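Worksheet: the structure to be examined is printed underneath.
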Amino acid sequence: MQTVLNLLEVEPIRLLISFGAVLFLVLNLAAVLTMAERKVSGYIHLRFGPNRVGPRGLLQPAADVFKLFTKENVAPGRSDLWVFLGAPIAMFIPAALVWLVVPFAPGAVVADLNVAILFFVAITSIGALGVVMAGYGSRSAFSLLGALRGAAQMISYEVPLILSLLGVVMLSGSLSLTDVVRAQGDTIWTWYFLPQLPMFLTFYISGIAEVKRVPFDLPEGESEIVGGFMIEYSGMTWALIQAAEFASMAVMSAITVTLFLGGWQPPLPFLDLGHFNWVWFGIKTALIMFTFQWIRWTVPRLRMDQLMDLGWKVLVPMTLIWLFVTAGAMLVI
Amino acid sequence: MLGEERRAEHEGALTEPASGRLVSPDIRDEFGLETIDMNMGPQHPAMHGLLRLILELDGETVVRCDPVMGYLHRCQEKIAENRMYPAVIPMTDRLDYFANMHNEHGYCLAVEDLLDVEIPPRAEYIRVLMCELMRLASHIPSIGFLMLELGAFTPILYAFRERERIQTIFEAVTGARMMFHYIRIGGVKADLPPDIPQKIWDYIESLEDHFKRDFVDLIQGNEIFISRTRNVGKMTQEQAVEMGVTGPALRCTGVDFDIRIDYPYSAYPEMEFEVITDTAGDVEASYRVRIAECLQSIRIIKQCLEQIPEGEVMGDTGRRIRPPEGEGFGRVESPRGEYAVHVVSDGSDTPYRVHYRDPSFCNMQLLQEIVPGHYLPDIMPIMGLIDPVSGGWDK
Amino acid sequence: MALTLPEGDLQSRLQRYLDGLGDRHGLEEAEIVGDVVRIVARKDDIPAVLATARETLAIPHLSFITVVDRQGSFELTYELMDFRGATVRVKTTIEGDEPVIGTVTGVYPTANWHEREAYDMFGVAFAGHPDLRRTYMWQDHFDHHPLLKSFEISTKRTFEGLR
């Protein structure tokens, strides 16, 4: 036993094992999230949602995965096959990689990078590549439109996303996510979402846009371009795209929690659970994910020009102004 | 029948390629850009039924929109020529399958015009009652479809919950949920079951209670809904009238044309209700018109239930319906607009010719006119404005 | 933007429509039946009659065009409505097996699809129509007009060209 634990001290092995654990977590999370999505939508629609497989329908994700494994992968005849098949992987890997730097609890992080925020920004940008690959590889007018929309949207929403991070970086004085969490303290009013409220909202909105969910799901746009970039996918490749979407949604919630909602910190000092503080992290992440789903089933979708207007004319100026306000306040205080 | 040359002579227009219609031709010349052609439908999941739109896109802007119909064409008019007069009624149910009662009503009015038969007042009231329930069952889902096309999934389920309840009433009255065959030549099939007036009343009351919550508060003030629908599909009164648009799509431009008032039929002259108009003439206005028309329908249904007289429900048409030679016209206000039927009789058991003027078919001409210049995602709300039904335009 | 709808009471309007059309064109028959002005015009006059109705009498709405195959001749009904209770029903007859008539799309743009439908179903050619295509039936390989009385419902013959 002791030897096994000692093994964890060896850096490459620890990295491998913990990354394996995180990957396992991500894949399962995607399955759990599909279930959650369907149940939440069911309750919002005043219907049941899946309730046949297993107790209260809880085994539905397992059945889904089994079904998707047994389905045939169909590629369009004129598709660019390698690009077509590579796209889901190019979408999934960035979503999974970001989990490397997310601190779940004190000390519980796969790689405690001192430039974790930069790493997050860099890796999420790669997600757009997968969308473009999928749209281009499918050779269909619908998916091409979806890919172009996806690329434009993700690139333009990177800007407010990054700008909104700067306030947090300035306040905490560090690019490491662990330091950011530590700097927020263990009381709810010292967390960064209060002093940085416009930044928090900007990050939240551009986060939704980054993970392509309603009201920003234009790349999918199921009512006009029918699934957009993933229109031609089926079976496991489609499942991988779905897993990537859910994983990136989860990671966006986790990063939001880490940056603005105090990460693993309890809302009040006496609620400190010590080594079990990851429970707080889990609860907060789940709450943010629930709001994502709540929004998804409530509002309609924006149009491309309106989306761009919101990004460039509202969010970017707002973050810039608040950046100056933060800097001024830090100078004065 | 027609020779090849003759066809070519008259179909010359269609072979002309549409080119040079880019929004900004300078950019095209400079960078060698081209438009792309896209087929939307007929198996498009969000399209209303089996419609194919041939689109020419410049980026996301539509420069040409050409609807292609006929994927659900059953040649109802030919079928009607080969069936006896009463046997056409169930076929009219299959026309506009969101307004079955109105289809039956229009056809029966046309044949009654030929026959010159007296309809008992109770039957007229039941017809109006059923038609207004049908209008509710069509308008509410069409609001839901509009939201579905904008990307919000929830209202459609609320809408179908209401439609389901109305269908339950229809099932109790007519025995069928969609293809009723209830309105017959000379009256209606059967009287209302004794408990149904109370059930309808209860349902209408409960609908009134949560109508505002489910279909107005959830949708109307939504910022995204407004930005997606305001000034989208904008048309002037002249455009709408020129294109032969009727129904809510015409009334949202401000023309207060409603067959129920202007060409009264059945028991409508005895009802008190308003014609709803709006001035904007865009998708949002059509949504508001539909919402207000639902409330007017509720009003008419209540009046029907209060005023309905006792008596027979079937007039004396004789055992065998064999109208004299001549022609009959029937015209009703279906949820989508003016639904007219023209029946020509040659004195035999079967109609010599039946012509249906379906509002979905006529309103769809609007697509060619107003879609070019809009963005691709705007096509769907414009379809929600027109709200065509596949069975209607394809006869 | 604003569209002027006809005013005045129904009877005077009907009389005005009847006089307006009767004065300008040599009509074969013209009478008022109930709320309907029933007019029978010669085939060649149809575009002119409808132009008068639209431009002089300001009847805004063309409801539908019905074609009836009388086996040897074709009977066309143009139903015009003024939105306020009055209807003008213009009828005409085209003799012969290959009917041709002038289009009215210039005055009533909505006639576009109605005429296309009539062409599709009966083979009535509308001279000067901007876009005379089939609405419902196949563009190629299908040389029949299904609503003609001479067209028998027979799967084998109908789909011969398509197989």
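Readers should treat all values here as calculations from the given coordinates under stated rules, not as data from a laboratory. From a predicted model like this one, the values you see are computed outputs, not experimental measurements. Note that each Cβ is placed from the backbone with ideal geometry, even for glycine, and that neighbours are counted across all protein chains shown.
For A:Thr187 and A:Asp80, a Förster radius of 60 Å and the Cβ-Cβ distance give a FRET efficiency of 0.65, rounded to the nearest 0.05. Across all C-alpha atoms in the stretch B:171-242, the radius of gyration and Dmax reach 20.0, 50 Å.
Listed by number, the DSSP H helices of chain A that run 18 Å or longer by alpha-carbon position along their axis and have mean Kyte hydropathy of at least 0.5 are A:11-44, A:81-97, A:116-138, A:141-172, A:197-210, A:235-260, A:278-296, A:316-332. Here is the tail figure for the stretch B:65-113: Cα pairs spaced more than 14 Å apart come to 56 percent of all pairs. Rounded to the nearest 20, the Cβ-based charge dipole of the protein assembly as shown about its Cα centre (Lys and Arg +1, Asp and Glu -1) stands at 2860 debye. Ranking B:Thr277, B:Met243, B:Val232 by how far each Cα lies toward the positive end of the dipole of the stretch B:221-289 (charges on Cβ) leaves B:Val232 at the top.
Taken along the Cα-to-beta-carbon direction at a fixed 7 Å, the label points for C:Asp23 and A:Val10 span 10.9 nm.
Take the Cα of B:Asp256, step 7 Å toward its Cβ, do the same at B:Asp316, and the gap between the two points is 4.2 nm. Measuring r between the beta carbons of B:Lys212 and B:Tyr97 and using R0 = 41 Å, the FRET efficiency lands at 0.90. Estimated from the Cβ-Cβ distance and a Förster radius of 22 angstrom, the FRET efficiency linking B:Thr168 and B:Trp201 is about 0.90. Measure nothing fancy, just the Cα-based angle from helix C:10-24's long axis to the longest principal axis of chain C, in degrees from 0 to 90, nearest 10. With rounding to tens, the tilt is 70 degrees.
Kirkwood radius and radius of gyration were both taken over the C-alpha atoms of the stretch A:1-144, and their ratio Rg/Rh is 1.06. Please state the shape class of the stretch B:264-353: rounded when a/c is under 1.5, otherwise prolate if a/b exceeds b/c and oblate if not, all from the C-alpha gyration tensor. The shape class here is oblate. For the residues of B:224-231, the average number of beta carbons from a partner chain within 10 Å of their own beta carbon is 3.
Zone of C:Arg70 (label point 7 Å along Cα→Cβ, backbone N under 15 Å): which residues in the stretch B:329-354? Under 15 Å, as judged by backbone N against the label point of C:Arg70, lie B:344-347, B:352-353 of the stretch B:329-354. Inter-chain neighbour count for B:352-360: the average number of beta-carbon atoms from partner chains within 10 Å of each residue's beta-carbon is 4.
Using only the alpha-carbon atoms, how far is helix C:111-122 inclined from the longest principal axis of chain C? Give it as 0 to 90 degrees, nearest 10. For C:111-122 against chain C, the angle is about 40 degrees. Here the residues B:Glu208, B:Glu223, ranked from fewest to most Cβ neighbours within 10 Å of their Cβ, fall in the order B:Glu223, B:Glu208. For B:Ser334, the residues 5 or more places off, or on other chains, whose built amide H falls under 5 Å of its own are B:Tyr339. Couplings for the stretch B:42-52, taken from phi via the Karplus curve 6.51 cos²θ - 1.76 cosθ + 1.60 with θ = phi - 60°, read x, 9, 7, x, 9, 6, 6, x, 9, 10, 10 Hz in order; Gly and Pro are left as x. Dividing the convex hull volume of the alpha carbon atoms of chain A by its residue count gives 157 Å³ per residue. Taking 0.36 nm per residue of sequence separation and removing the Cα-Cα distance, the B:Asn39/B:Ile79 pair yields an extension gain of 11.3 nm.
Shape class for the stretch A:61-109, computed from the alpha carbon gyration tensor (a ≥ b ≥ c): oblate, with a/c not under 1.5 and a/b at or below b/c. Residue-wise HN-Hα couplings along the stretch B:257-264, as the Karplus relation 6.51 cos²θ - 1.76 cosθ + 1.60 with θ = phi - 60° gives them from phi, are 9, 9, 4, 4, 9, 7, 10, x Hz; Gly and Pro carry x.
Over all distinct Cα-Cα pairs of the stretch B:71-210, the Kirkwood formula returns a hydrodynamic radius of 16.2 Å. Extension gain, B:Glu272 to B:Asp66, is 70.0 nm, computed as 0.36 nm per intervening residue step minus the present C-alpha separation. Anisotropy class assigned to the protein assembly as shown is prolate, per the alpha carbon gyration tensor with a/c at or over the 1.5 cut-off and a/b larger than b/c.
Taking amide H as placed 1.01 Å from N in the peptide plane, A:Ser176 has its amide H under 5 Å from the amide H of A:Ala116, each at least 5 places away in sequence or on another chain. For peptide A:289-300, the mean count of partner chain Cβ atoms within 10 Å of a residue's Cβ comes to 4.
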